[in-house]
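Read through the structure below, which is laid out as structure tokens, and then see the notes.
What follows is calculated from the coordinates using simple rules that are stated; it is not laboratory data. Bear in mind that the values here come from a model prediction, so they are computed numbers and not experimental data. Counting neighbours? That spans all protein chains shown, and the Cβs are built from the backbone with ideal geometry, glycine included.
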Amino acid sequence: MKGQITIFIILGLLIIFLILLSIYFFVKEQVKQPVDQSEIMSIKSTLQSCIEQATLSAFIQFLKQGGKYQVDSTKMPLLVTREPVLISNYDNVPFLSNQPPVYPWKTFPYNPETKQKEFVQTSIFGWNKISSLQQMEADLSKIIKEQLKKQCENLQIPASINLEDVNINSVFGNIDTIISVSGIRVKFQQNVASNIPEIKVRIPIAMKVLYNFIRNFIDDEVNDAQHKFQQENQIFSVITEKIEGHTLVSITDPSLNIQGVPFFFQFIIENRPPALFYIDQDMLGQNLVCSETKISLEKPNKLIISGGISPLISVNENELPAKAFVQQGKIIAHPCFEQTILLEAIDPDQDLFAFSIDEGDHVINEKEYQNLCFIPMTIRVSDGFESDFQKLKFRVKPRGKACPE
């Protein structure tokens, strides 16, 4: 009996010992061992190098994307487009900015009030889709975060890195661009977590100055078809290249580079149609063409209205007007309209353009002359991709009850 009690006591003591031993090892495992500060600084140094490289890669990508965050980075950024821009007012209601009735204009270059030939712009030559400075800074931060996760989460260091909640702040300045990276947490093998001090990356590109330059450059492009960029006394160089009718614009500062490589801020100006200087239709309406009148285009830009057989009418001699044209006992009802009109146009992209008549050269036949009030023809100017046109009416009969138009 005594022996059995002794065995139970020994077993109890053994169980207590094992429990205490388990508690000891459990507590020991949970106690966070301080990490040497030099180890943290070593990891920070490694991270600093990776973050600098990732930031520069992101910055180059950002420049090639026209300062925009794009899911598909292979698409060229359109900063000048023929589509209107949706903007918001204080009530966050989207509306169209600069709403012209017709693109690119209604009357050009005749002022409808004075009927004088002058540069009248009733619309703009495309829309400026450059982001705001603040949006550009935010988009750069997004691209940097993506690059950080790609390049810096799996570094060969004695700790795991969590970049999911990292904070990135991009600030464009008049001298340089500063990128601040904070909120990086690392977890060491001792199960100890630590915050890495803020890391800053300086990029020697004055993005604020570059932004203002680009914005003004695009404003000139969309507000003045005769705008020709002058590079004299400019900090930045502008290089243009044609791609399927569109214009690829690359802007750089030749004195600066990123890791020895020249930087280029790139964007696309969507091809815009040339602008036809509209012919004064009222002038055409005051003159009559005749049977056999020829309307033709002589390259490069002469619209020629020529020839024709003037209509004759019989009248009493005492009814002859003072300046009547007498022919075979009859008077000429009116002379045939003859004129050479020099066609003019401009192209906001400085593209070469050519004029044409949609219907081709035309000689008015007798049947048309007898039955029509006017001969419709369309004058067109094209840069090979886009065109502008004007529908003209060459009058056969004067306005009246039979021909009200």
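Ordered by the number of other Cβ atoms lying within 10 Å of each residue's own Cβ, fewest first, Glu164, Glu244, Glu137, Glu52 fall into the sequence Glu244, Glu164, Glu52, Glu137. Take the cross-link list Lys145/Lys187; Lys299/Lys401; Lys367/Lys391 and give me the ones stretching past 31 Å between alpha-carbons. Those over the limit are Lys299/Lys401. The phi-based Karplus calculation (6.51 cos²θ - 1.76 cosθ + 1.60; θ = phi - 60°) puts the 3J(HN,Hα) values of the stretch 205-213 at 10, 7, 5, 5, 5, 4, 4, 5, 5 Hz, whole numbers, x for Gly and Pro.
Can you tally the net charge around Asn365? Count Lys and Arg as +1, Asp and Glu as -1, for every other residue whose Cβ sits under 14 Å from the Cβ of Asn365.
Details: positive: Lys294, Lys367; negative: Glu292, Glu359, Asp361, Glu366, Glu368.
Computed value for this residue: -3.
All other residues whose Cβ lies under 14 angstrom from that of Leu256 are scored, Lys and Arg at +1 and Asp and Glu at -1, for a net of -1.
For the stretch 133-210, what class follows from the C-alpha gyration tensor (a ≥ b ≥ c being the square roots of its eigenvalues): rounded when a/c is under 1.5, otherwise prolate if a/b is larger than b/c, else oblate?
Numbers: a/c = 2.83, a/b = 2.50, b/c = 1.13.
It is prolate, given that a/c is not under 1.5 and a/b is the larger ratio.
Count Lys and Arg as plus one, Asp and Glu as minus one, and take only other residues whose Cβ is under 14 Å from that of Gln147; the net charge is then +1. Taking the number of Cβ atoms within 10 Å of each Cβ as an exposure proxy, the fewest-first ranking of Thr177, Thr240 is Thr240, Thr177. Evaluating 6.51 cos²θ - 1.76 cosθ + 1.60 at θ = phi - 60° for every residue in the stretch 257-272, the Karplus couplings come out as 8, 10, 6, x, 10, x, 9, 9, 8, 10, 7, 10, 9, 4, 4, 10 Hz, glycine and proline recorded as x.
Return Ser49, Ser306, Ser170 ranked ascending by Cβ neighbour count within 10 Å, so the fewest neighbours appear first.
On the way: Ser49 12, Ser306 16, Ser170 24.
So the ranking, lowest neighbour count to highest, is Ser49, Ser306, Ser170.
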